[in-house]
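Taken together, the values in this text are just the output of simple stated rules run on the coordinates, not laboratory data. Remember, predicted model here, so these are calculated numbers, not experimental data. Neighbour counts are summed over all protein chains in view; Cβ atoms, including those assigned to glycine, are modelled from backbone coordinates with ideal geometry.
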């Protein structure tokens with residue numbers, strides 16, 4: 001490949017990574033009211049990795065996290081800063097990156113078939129839940145006292161399972177079409 005083609009490809013990669021980091025931020029600002037309100041952050045993560053592939057998708061999630069860590073209000077509720085990440089829900093935010101990295105690994109092993117992407121999204125979500133809940137329990141215990149696993153799951157996971165599965169289904173519908181439309185390999 002010529003140097004100009006490589007430069008063009010790297011530039012496109014950077015544009016896509018930035019664009020999907022912004023998409024995740026916008027999705028985090030969208031709050032759907034319900035008994036327990038939820039955002040579309042996980043949807044943004046799944047669309048980024050599903051559309052861009054593991055490497056570029058994971059990089060877009062990392063850019064999103066770094067933007068939030070330095071204080072840009074990209075997290076849910078227009079928040080940002082290291083304090084949010086170190087707070088009770090910060091484990092779920094870090095869990096987005098763990099999910100993306102896991103999905104990348106699954107892509108390497110199983111390829112980009114739709115069933116493999118669906119499986120990686122569901123397992124990635126479980127990783128996010130596990131890491132986030134453990135983080136929540138540790139931080140909550142430091143701030144307010146010990147909390148049981150079932151209580152933490154009742155507050156932080158169970159209300160979000162069905163909405164998150166719906167987000168995965170929507171992400172699956174969108175990913176292949178968007179990747180084909182923007183000619184992502």
Quick one: order 35, 151 by neighbouring beta-carbon count within 10 Å, fewest to most.
35, 151
Quick one: P(r) of region 3-181 from all Cα-Cα pairs, 10 Å bins, percents rounded to integers, in order of increasing distance.
10, 37, 36, 13, 3, 1
Percentage of interatomic Cα-Cα distances in region 1-50 larger than 14 Å:
60 percent
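Using the 10 angstrom Cβ neighbour count as an exposure proxy, how do 142, 56 rank, fewest first? Please list the in-between numbers first.
Values: 142 10, 56 19.
By the 10 Å Cβ count, ascending: 142, 56.
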Segment residue 86-residue 62, extension gain: residue separation times 0.36 nm, minus the distance between their alpha carbons
7.0 nm
As a test of understanding, state the convex hull volume per residue of region 136-185 from its alpha carbons, in Å³.
107 Å³
Could you tell me how many degrees, from 0 to 90 and to the nearest 10, lie between the Cα long axis of helix 114-144 and the main elongation axis, the longest principal axis, of the Cα atoms of the chain?
40 degrees
With r defined as the distance between the Cβ atoms of residue 70 and residue 126 and R0 fixed at 41 Å, what FRET efficiency is calculated, to the nearest 0.05?
0.90
Computed over the chain: longest principal axis from alpha-carbon atoms vs helix 54-69 long axis, angle to nearest 10 degrees, is 50 degrees
What value, in deg cm²/dmol to 500, does the helix sum -39500 (n - 2.57) over DSSP H runs of n ≥ 4 give at 222 nm once divided by the residues of the chain?
-25500 deg cm²/dmol
What distance in nm separates the two pseudo spin-label positions at residue 9 and residue 134, each 7 Å out from Cα along the beta-carbon direction?
3.7 nm
The simple spin-label model distance between residue 22 and residue 114, using points 7 Å out along Cα→Cβ, in nm, is 3.0 nm
